[in-house]
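Inspection log for the structure reproduced underneath, given as structure tokens.
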Amino acid sequence: MESVLNKIRELIVEPMKEMDIIVDNIEWVVEGKYKYLKITLDRVNGIDIDTIVDATNIINPILDEHDLIKDEYILDISSKERG
């Protein structure tokens, strides 16, 4: 799965960079019967919910086009928490 996550990172880094967004972390998490692809994004001044929606609208079609994960999963895109 690590190679798949690395490929996903390669695919989304540039489109996110165009939005001044940093791809902070990508992980595959299994919780019970649910599988999650969790992508954490960051930006210098933080990210608001509208930007998360915009990023999701860019990332989702990229994932669909390349179809790297054959399992059904929930795409979870969030911002990096700030302390």
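The values are calculated or read from the model by the stated rules, or taken from the named source; none is laboratory data. Just so it is clear, the model here is predicted, and its values are computed rather than measured. Cβ: placed from backbone, ideal geometry, glycine included. Neighbour counts: every protein chain shown. Keep in mind that these areas ignore ligands, DNA and RNA; they rest on the heavy atoms of the full protein, side chains included. Shrake-Rupley method; radii C 1.70, N 1.55, O 1.52, S 1.80 Å.
Only residues that are surrounded by fewer than 16 Cβ atoms within 10 Å (Cβ to Cβ) and either modelled with pLDDT of 95 or more or assigned to a helix (DSSP H, G or I) (or both): list them for the range 42-51, please. The answer is Ile49, Asp50. Mind listing whichever residues of the range 20-36 are surrounded by fewer than 14 Cβ atoms within 10 Å (Cβ to Cβ) and either at pLDDT below 95 or β-branched (Val, Ile, Thr) (or both)? Scanning the range 20-36 gives Val29, Val30. Checked against the criterion of being assigned to a helix (DSSP H, G or I), at pLDDT 95 or above and surrounded by 15 or more Cβ atoms within 10 Å (Cβ to Cβ), the range 61-68 has at least one qualifying residue. Screening Ile12, Ile39 for residues that are of a type in the set (A, V, I, L, M, F, W, C), part of a strand (DSSP E or B), open to solvent by less than 20 Å² (accessible area, probe 1.4 Å) and within 17 Å of Ile62 (Cβ to Cβ) leaves exactly one candidate, Ile39. Can Val4 be described as out of contact with any helix residue (DSSP H, G or I) (no Cβ under 7 Å at 6 or more places or on another chain), surrounded by 14 or more Cβ atoms within 10 Å (Cβ to Cβ) and assigned to a helix (DSSP H, G or I)? So Val4 fits the description; yes. Kindly evaluate Arg43 against the criterion of being within 12 Å of Ser79 (Cβ to Cβ) and basic (Lys, Arg). The answer is yes for Arg43.
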